[in-house]
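The values are calculated or read from the model by the stated rules, or taken from the named source; none is laboratory data. Keep in mind it's a predicted model, so treat the numbers as computed, not measured. Cβ placement follows ideal geometry from the backbone for every residue including glycine, while neighbour counts extend to all protein chains displayed.
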Amino acid sequence: MLDATSFNALPNKPGVGHKPQHYKDILGNPGPLGWLEIHAENYMGDGGRPIAQLRHLSEQFPISVHGVGLSIGGEGDLDKDHLARLKHLIGWLNPASFSEHLAWSTHDSHFLNDLLPLPYNMKTVKRVADHIDEVQEVVGRKMLLENPSSYLAFAESTMSETDFLKEIVSRTGCGLLLDVNNVFVSATNLNTSPQAYIDDFALDAVGEIHLGGHDEDEDETGAPLLIDSHGKAVVDPVWALLDYTLERSGRKPLLIEWDTDVPEWPVLAAEVARAHAALELVAA
Amino acid sequence: MIVTQTAFRKGLLDPALPAPEGLQNPDGAQATKRFDVYRNNVAVSLSDALESAFPVVRKLVGDEFFRAMAGVYLRKFPPSSPLMMHYGEHLPQFLTRFEPTKNHRYLPDIARVELAIRKSYHAADAEPIDGQALAAVAPEDLMALQMTIAPAVQVVSSKDYPIHAIYMANTREDAPKPEPGAESVLIARPHFDPTIHKISTADASCIKALQEGKSLGLALAEAGDDLDLGATLGLLLSQRAIIELN
């Protein structure tokens, strides 16, 4: 079994987004799997099976808590009740990592259950940095901020996403979660270069990398429109972009996300094996 | 052109509105289909959440009807919290008023049963008392006894419909066809999976009174003469539903 001391940080190994249907498979045959990620909101009930399973898994694996509902990019104040729930979860679980999204999902007390986009300019830098300061203050630890998948652009943006994220890191001291599939999806959708994005990304601040599958569509002009669905295997061009990234960043904790049409464990285990091989190619 | 989150949200929930001005395709043209990606994500994710929360209501009305109904519900009642495990709490009242379902008056009651099961599933853990502890209470102390009921216990009563029979007929292959008549159910969680039991109106009154912290004497008075106290307590003990005696 893993060394308990390693639970203070995510190892530079493959991890998966945990799904309850894989509970027994993961405990019985983890293979090269080194850690698990959970969606914070699914473990904010008072008790029962989800909490009991998480407690047990956390004794075997380092856990990354990934929030999807904090609405850090929201115009309004952060939801204090939700922050308190997050603090409680992080308090008892003591996870190896905590991350959230550069997005908004709540406005006027209505939660929309999607990661919605925001423009990049000095006004939104301040809003996001203030929210991250508040989160890090309340939960008492550094968080990682994840780059989004973009489907469209804002006329009011004045900065690139990579510059925006650098500014956030410098103002708040937070780390970054680099989702390589999101980079590929956004670059395809906005007709930019994914390699140039990686070249310009603050790789020193990266504490975790995400990989996932996407769907393919077209916009009304026939231009490609990729949709971040997390419902398929990772495609070859994204694996190639991962190799490009790892050559520059070195080994990092590397997560496979598969959230819809979740397959049987062996299918996911094959993705884990491929992630493991990609990490092994990189100098330690 | 500044796109406020108010305008963004309105556009997301109202497909008749155009996408907010200031959202662009890569060539700078006004975004249309690209905004629909977000509209679709919101509608599909909320509709999926309702489907997984109300499998029996869905089975009763059919997949296609349920999806159309969910589309109306999610615009009228978007989630008020990021905890999707609680989403759908207004479905019973919605079903009562929604024109196509308002004559299917058992549906709100079934939705209440499914809400109660989900609440039970996520409720706090609690260590049950030993049956011996109850047997050891002196007869003269029994009427003043208060019992703390486990947080996972839920009681749902229908005034008109056989909710237990309808629930069973739609979740178990060997369950008999429902017969007319009002029913109440007890939902408990002896381990991790909620269990559902048909109980009498007297049982329901008694257990609700105990949940409110009333003494056994008061609970018996509220239940009336039809209560079989031994059977009620036996059921509660077997379902690990009593966690403290005071």
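Applying a threshold of 6 Å to beta carbon distances and a minimum spacing of six or more residues, or different chains, the list of pairs starting in region A:255-284 at a residue that is among the charged types (D, E, K, R) and ending at one that is surrounded by 14 or more Cβ atoms within 10 Å (Cβ to Cβ) reads A:Glu257/A:Gly17; A:Glu257/A:His210; A:Glu257/A:Gly212; A:Glu257/A:His230; A:Asp259/A:His230; A:Asp261/A:Gly231; A:Glu271/A:Ile256.
The set of residues in region B:1-39 being more than 7 Å from every other protein chain (Cβ to nearest Cβ) and surrounded by 15 or more Cβ atoms within 10 Å (Cβ to Cβ) consists of B:Ala7, B:Gly11, B:Leu13, B:Ala19, B:Pro20, B:Gln30, B:Asp36, B:Arg39.
Looking only at residues that are more than 9 Å from chain B (Cβ to nearest Cβ) and free of Cβ contacts under 8 Å to residues at least 12 places away in the same chain in region A:202-231, which one is surrounded by the most Cβ atoms within 10 Å (Cβ to Cβ)? Only one residue fits best here, namely A:Glu216. Picking from residues in region A:47-81 that are free of Cβ contacts under 8 Å to residues at least 24 places away in the same chain and crowded, with 17+ Cβ neighbours inside 10 Å, the one that is nearest to B:Ser80 (Cα to Cα) is A:Gly47. Among residues of region A:95-112 being more than 7 Å from chain B (Cβ to nearest Cβ) and in contact (Cβ under 8 Å) with a residue 40 or more places away in the chain, the one that is farthest from the chain's Cα centre (by Cα) is A:Ala96.
Residue by residue, here is whether (1) buried (at least 21 other Cβ atoms within 10 Å of the Cβ); (2) touching a strand residue (DSSP E or B) at 6+ places or on another chain (Cβ under 7 Å); (3) in a loop (DSSP other than H, G, I, E, B); (4) modelled with pLDDT under 95 holds:
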site	(1), (2), (3), (4)
A:Ser149	yes, no, yes, no
A:Ser157	no, no, yes, no
A:Asp163	no, no, no, no
A:Glu167	no, no, no, no
A:Ser170	no, no, no, no
A:Leu178	yes, yes, no, no
A:Phe184	yes, no, no, no
A:Thr192	no, no, yes, no
A:Ile198	yes, no, no, no
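Out of all the residues in region B:168-190, is one or more loosely packed, with under 14 Cβ neighbours inside 10 Å, in contact (Cβ under 8 Å) with a residue 60 or more places away in the chain, out of contact with any His (no Cβ under 7 Å at 6 or more places or on another chain) and within 18 Å of B:Glu114 (Cβ to Cβ)? Checking region B:168-190: at least one residue is loosely packed, with under 14 Cβ neighbours inside 10 Å, in contact (Cβ under 8 Å) with a residue 60 or more places away in the chain, out of contact with any His (no Cβ under 7 Å at 6 or more places or on another chain) and within 18 Å of B:Glu114 (Cβ to Cβ).
Does A:Ala153 qualify as being within 14 Å of another protein chain (Cβ to nearest Cβ), without any contact (Cβ under 8 Å) to a residue 12 or more places away in the chain and in contact with a Pro (Cβ under 8 Å, 6 or more places away or on another chain)? So A:Ala153 fails the test. Any residue at all in region A:113-123 that is without any contact (Cβ under 8 Å) to a residue 24 or more places away in the chain, surrounded by fewer than 22 Cβ atoms within 10 Å (Cβ to Cβ) and at the interface with chain B (Cβ under 8 Å from one of its Cβ atoms)? Checked region A:113-123: at least one residue is without any contact (Cβ under 8 Å) to a residue 24 or more places away in the chain, surrounded by fewer than 22 Cβ atoms within 10 Å (Cβ to Cβ) and at the interface with chain B (Cβ under 8 Å from one of its Cβ atoms). Here region B:185-228 is the region considered, the condition is being part of a loop (DSSP other than H, G, I, E, B) and small (Gly, Ala, Ser), and the residue that is nearest to the other protein chains (Cβ to nearest Cβ) is B:Gly213.
Looking at region B:104-127, is at least one residue without any contact (Cβ under 8 Å) to a residue 12 or more places away in the chain, of a type outside the set (A, V, I, L, M, F, W, C) and surrounded by fewer than 15 Cβ atoms within 10 Å (Cβ to Cβ)? The answer is no; no qualifying residue exists.
Scanning region A:1-60 for residues that are assigned to a strand (DSSP E or B) and within 13 Å of another protein chain (Cβ to nearest Cβ) yields a total of 1. Would you please name the residue that is nearest to B:Ala31 (Cα to Cα), looking only at residues in region A:167-201 that are within 14 Å of another protein chain (Cβ to nearest Cβ) and among the aliphatic types (A, V, I, L, M)? This residue is A:Leu190. Residues in region B:1-15 that are in contact with an Asp or Glu (Cβ under 9 Å, 6 or more places away or on another chain) and assigned to a helix (DSSP H, G or I): B:Gln5, B:Thr6, B:Ala7, B:Arg9, B:Leu12.
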